[in-house]
Amino acid sequence: MNKEELLVASMRGIALDSINKAKGGHIGMAIGAANITYSLIAKTLNFSVDNPKWINRDKFVLSAGHGSMSYYSIMHFLGLLSLEDMKNHKLLNSKTPSHPETHNFSYVDATTGPLGQGIAMGVGMALSEKYLAQKYNRPNHDLFDHYVYALHGDGCLQEGVALEALQFAGTNKLDRLILIHDYNNIQMDSKSDEVNGIKLLNYFKAMNFATFDVEKDEPNAILEAIKAAKESKKPSYIRVHTKIAKATEFENQSKGHHGTLDEEKTKLFKTKLGLNNFEPFIYDKEAYAYAEKLLKNKQSKYTDWLKLFKKYQNQYPNEAKEINNLIHGEIEINFENLVFDKTNRPTRDYITTVMQHLTNNPYIVGGSADLSKPTQVAFSKDIWEGGQNIKYGIREFAMVAINNGINLASNLRTIDSTFLSFADYAKAAIRLGAIMNLNGVHIFSHDSYQVGGDGPTHQPYDQLPMLRAMDNVNVIRPCDESELLMAFKEAFNPLNKDSQTCIIVTRQPLKSFNLVANNKTAYVIHRTNAKKLDLSLVASGSEVELIYNTALELEKEYNLNVQVISVPNLKRLVNDQERIKKLELNKAPILAVEASSDSMWYQLAKYAPMDAQLASSFGYSAPGQEVYELKGFSIKNIIKKVKKLLNID
């Protein structure tokens, strides 16, 4: 064996050792894709040991996250993961979890696991490279010229999000995107071609990709394909024919996808690889020495870039300052001078003013899933025209996943939008963004039964609980323009840089309360008597106006002392005991009102007797107000609930 063959064999060996020690794992790709990860990571990828998050590094996304040990093994031989790290595979807080995680190992560019999303995030990374290159590169100063590599398996190409994103990549000619397909034609239940008979090379050509078919699973052939892909003016798809669980008894079988090998079978496996030592985690020093030499060869790229950036700073100081801010995440957006006309308008209508305010801010890009007019989320110029607007097409899932990739690769802020009823399409990418502590901003409009004539498919009574249930996701439902402004301040607050924000807005007009909304959780917008309190009416968004009007009726007809509390951020309120006491929610019975099915409201019952008027079923195709009232959202029905709660005859 030559040094290269020894290193790849050792990668396969230690990958199996780690999986065996963990008592389970995805051996198939860990072993089968070793030539790919060696060729890509060790021989091709530009990155820096001194600065793993160097903004112009080549990006690598393992979309088939279950193949993590193929990645960890080469990183180990390069000297970037220790032997202990390899032994701690799948253990708590290890650098080598089952699927790659950005928190655990600084060289991981994206957390992956849900198939297909890695491809979409790779598309976002390639989009951010093109945006930054177009905006900041100058003659003889190409600060941004990196490539994005996404390694995926057969399964990723069966996920809708990947296909959405690939259409986007081909349409937008993201020529710095290179997909590498670990093509073994095996998945857990069957051969891949039994469930996906698409002629992949033709399919990718039809999407405006350059295509390369590597029939020999050998480093030289893979490297030749990568070299050719880098010369293409299109995004590229490289299909590498591999064997799942190569050199094991499960080679080319579904059984090879996941599992372990016992001591005897492991020994036989290593013998087939040409390895002489069978003790776990012990490998030839020559393999380590060769890999470490390859790593040293990479470091000059970062040094050269720093020299180039220094020259750039001298010639283009303003642009250099913006780039430095981006590198360090020092992005501040001031909303203090933003003023809305305080009229009774749909909350979505105020977003036009917000987008105008954000225009020409170099740190923010985004748009909508073909709904810029209904949601009002659009910048005046497209990114290809020197602007900030992204036309995602009708691709809600890919839209958010692409934005996750943009956030990861560049620290750029992103904003996206669709109807609240379509939040389900985007949810999985919001969830992954939350896991990675990304700070995407998502605008969901058309928020209740008031959508009316569009019918039950567009009346999202069931979406808020799903969004609120996710950890690290702030859901803000403003009741008027003052709360909407507060929501945007919160979303773009530098201190709030580690969580997703969903802002829920209306199509129907809402009353302007002309208040200064400076609390991020909940606050009193009306109270009958400062000293006496009989009832707290609480609601969010659209229903705040309803409970306000109900309170006026209760005061007039029943002489009740009522306070009306707007709760734009329910998730924060329910466990904020200090705020609960300040609002005196523990002093009188509570009635919560929201046109959603979110049982989170009942958590307020630990502070005082309570009831709620919530939504419980799909709506109808009828005028919005009619549907609203049929579902119990009327002054008459709320008063009925209050009388029952307070035992009033």
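For the reader, a short list of remarks on this structure follows.
- Considering segment 522-573, and only residues there that are β-branched (Val, Ile, Thr) and under 27 Å from VAL451 (Cβ atoms), the residue that is farthest from the chain's Cα centre (by Cα) turns out to be THR550.
- Of the criteria (1) in a loop (DSSP other than H, G, I, E, B); (2) modelled with pLDDT of 95 or more; (3) more than 30 Å from ASN46 (Cα to Cα), which one LEU275 fails: (3)
- With respect to the stated conditions, PRO568 fails to be surrounded by fewer than 14 Cβ atoms within 10 Å (Cβ to Cβ) and at pLDDT 95 or above.
- The set of residues in segment 2-36 that are acidic (Asp, Glu) and over 13 Å from LEU275 (Cβ atoms) contains only GLU4.
- Per-region count, segment 126-163, residues in contact with a Pro (Cβ under 8 Å, 6 or more places away or on another chain) and on the phi > 0 side of the Ramachandran plot: 0
- Looking at ALA165, ALA245, ALA221, just one residue is surrounded by 14 or more Cβ atoms within 10 Å (Cβ to Cβ) and at pLDDT below 95, and that residue is ALA245.
- Hits in segment 245-265 - residues which are in a helix (DSSP H, G or I) and touching a helix residue (DSSP H, G or I) at 6+ places or on another chain (Cβ under 8 Å): GLY256
- Qualifying positions in segment 353-379 - of a type outside the set (A, V, I, L, M, F, W, C), assigned to a loop (DSSP other than H, G, I, E, B) and under 23 Å from MET125 (Cα atoms): THR359, ASN360, ASN361, PRO362, TYR363, ASP370
- Residue within segment 222-232 that is over 20 Å from ALA64 (Cα atoms), part of a loop (DSSP other than H, G, I, E, B) and touching a residue at least 40 places away in the same chain (Cβ under 8 Å) present: yes
- Set LEU268, LEU308: member being among the aliphatic types (A, V, I, L, M), farther than 26 Å from HIS26 by Cβ and out of contact with any helix residue (DSSP H, G or I) (no Cβ under 9 Å at 6 or more places or on another chain): LEU308
- Total residues in segment 167-223, condition of a type in the set (Ser, Thr, Tyr) and within 27 Å of ALA409 (Cβ to Cβ): 4
- Inspection of segment 227-242 finds no residue satisfying the criterion of being over 28 Å from GLN167 (Cα atoms), surrounded by 15 or more Cβ atoms within 10 Å (Cβ to Cβ) and either modelled with pLDDT of 95 or more or more than 35 Å from the chain's Cα centre (by Cα) (or both).
- Residues (out of contact with any Gly (no Cβ under 7 Å at 6 or more places or on another chain), buried (at least 16 other Cβ atoms within 10 Å of the Cβ) and farther than 13 Å from TYR183 by Cα) located in segment 204-218: PHE204, ALA210, THR211, GLU218
- Residue list for segment 540-556, restricted to those being among the acidic types (Asp, Glu) and in contact with a helix residue (DSSP H, G or I) (Cβ under 8 Å, 6 or more places away or on another chain): GLU553
- Test: residue in segment 282-300 that is at pLDDT below 95, in a loop (DSSP other than H, G, I, E, B) and within 32 Å of the chain's Cα centre (by Cα): yes
- Residue within segment 424-434 that is more than 30 Å from LEU510 (Cβ to Cβ), aliphatic (A, V, I, L, M) and outside any loop (DSSP other than H, G, I, E, B) present: yes
The values are calculated or read from the model by the stated rules, or taken from the named source; none is laboratory data. What you see is a predicted model, and the numbers here were worked out from it, not measured in a lab. Reconstructed Cβ throughout: ideal geometry from the backbone, glycine too, with neighbour counts over all protein chains shown.
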